[in-house]
1. ARG53 - would you say it is part of a helix (DSSP H, G or I) and at pLDDT 95 or above?
2. When you check SER373 against the structure, is it more than 17 Å from the chain's Cα centre (by Cα), within 19 Å of GLY78 (Cβ to Cβ) and among the polar types (S, T, N, Q), yes or no?
3. Right, ASP60: of a type in the set (Asp, Glu), on the phi > 0 side of the Ramachandran plot and modelled with pLDDT of 95 or more or not?
4. I need the full set of residues from segment 300-355 which are small (Gly, Ala, Ser) and either modelled with pLDDT of 95 or more or assigned to a helix (DSSP H, G or I) (or both), in order please.
5. Anything in segment 110-127 that is without any contact (Cβ under 8 Å) to a residue 24 or more places away in the chain, surrounded by fewer than 16 Cβ atoms within 10 Å (Cβ to Cβ) and assigned to a helix (DSSP H, G or I)? List them, or say none.
6. Could you figure out which of (1) modelled with pLDDT of 95 or more; (2) under 24 Å from PRO160 (Cβ atoms); (3) out of contact with any Gly (no Cβ under 8 Å at 6 or more places or on another chain); (4) not aliphatic (A, V, I, L, M) isn't true of ARG407?
7. Looking at segment 398-410 only, could you name the residues that are buried (at least 21 other Cβ atoms within 10 Å of the Cβ) and either of a type outside the set (Gly, Ala, Ser) or free of Cβ contacts under 8 Å to residues at least 12 places away in the same chain (or both)?
8. Looking at the structure I just gave you, is GLN64 within 24 Å of ALA312 (Cα to Cα) and either part of a helix (DSSP H, G or I) or within 22 Å of the chain's Cα centre (by Cα) (or both)?
Amino acid sequence: MSAPPTPRSATLNVNNGGRRTAKRPVRARSHISRAPSPSKKPTPQSYRRGNMRYAGVYVDHLDQLPPAIDGEALCILGLQSWAELAEPDTRAQTQPETQARLAALAATYQAESRLNARECSLEGNWKSSLFTLMRNIALLAPGTLCLDMSEKAWISGLKPAAPSLDGLQETGEEGDSGLRTLSAGPTPSASTLIDFNSATTAAVTTVSPNTFFPGRVPSLPPSTYSSTYSQSITTTTSLNASDPFHISTPKPDITVGLEETDLNLLHQRRLVDHQKSGTILSDPHAAFMGMRFPFLIVETKGLSVHGNLVSAQNQAAISGASMLRILKDLEETTNSHPTSPPLCFSIVTEGPAHELWVHFEHEEAFHMEALKSWRMTRASDVEEFVRALVRIMEWGRGRFRAGIVARLDSQPAVAGSEHSGW
């Protein structure tokens, strides 16, 4: 005859039975938790093939650059062909001391890149090294360019967006690709802009670029920025990252644009007024940064599982489209016509791998196409990369700035106009 169960064994039997019963709902819950989350962000590949394409933004989409863009990019870089970029800079206007300074900067950047590569450094180290290089290049002509590494978010209303369903139905299949999506904010009227033909403002039309305001330079309080820009969010893109039409707000790692204080009093005041009314958001940042008309941005990734070129390229493509939007808004407020196509540049990095891209509009869409790639652990690549940076910044403070000034001068409220390329 078997012994009666002890209290301990009886407890175990009861508990075991309870465990078997309780495990079923646990398994069911764990099965449910493994289901895809409806709010999960798309992969970088899906984001490019879906969200960006819907908004009319394309990366590596064209077989070759349009001739006008190719010619302008070569002109900016001072080249007859792309093969010349690998040749030493022998231009007469480059002084020997400047060449020596650039050679030293290139050597330092290569040494830092080799160290970062050996240590598999994360994004912060690579970004800091590149910003130092770019700042030292900008200091060759101080006071003209503004460099920013704050990672401040840009204005949401600058982002490209997919056309609405109603808009497509109204225009048919040949409708807009998202190149020009109007915000929900009110359209500024001519009465909201300051009259620069009045007697009180006519006296400042000949102020030199280095003249300061009698008092503080007018700027907008944060509340004005946020109230103006938030109006455009609802019709620009979805705020839900899982939405197929969602476009992330640009927040470049490094931004290069024109220094506001390098413009004369009239242009500074006019840009402040445009910024307030939303007609030209020449400072793309949601908070005032003192920068106008960015023409070069950088997106960096370190040597980590979260850093990859596809993500960096996607971010740069949206920033590039936003920069082009600013130039297009400026063009629409003037009576002049550009003699060269508007374009801008970006640098995308993943550790020592650096890429140079050009951004432009083509057939009512934003395009981002690769120009050159380098590896910063090789001396020849670093020297070539530095030469490209120098020439883009020279263009920014030279022809690009001259084109901006000419367009500001040719706005209807200002007498006189002057044609110039970007």
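1. yes
2. no
3. yes
4. SER311, ALA312, ALA316, ALA317, SER319, GLY320, ALA321, SER322, SER346, GLY351, ALA353 - these are the residues of segment 300-355 that are small (Gly, Ala, Ser) and either modelled with pLDDT of 95 or more or assigned to a helix (DSSP H, G or I) (or both).
5. ALA111, LEU115, ARG118 - these are the residues of segment 110-127 that are without any contact (Cβ under 8 Å) to a residue 24 or more places away in the chain, surrounded by fewer than 16 Cβ atoms within 10 Å (Cβ to Cβ) and assigned to a helix (DSSP H, G or I).
6. All conditions pass for ARG407, except number (1).
7. PHE400, ARG401, ILE404, ARG407, LEU408, listed by residue number.
8. no
The values are calculated or read from the model by the stated rules, or taken from the named source; none is laboratory data. Here the structure is a predicted model, which means the values were calculated and not measured. Every residue, glycine among them, receives a Cβ derived from its backbone with ideal geometry; neighbour counts consider all protein chains shown.
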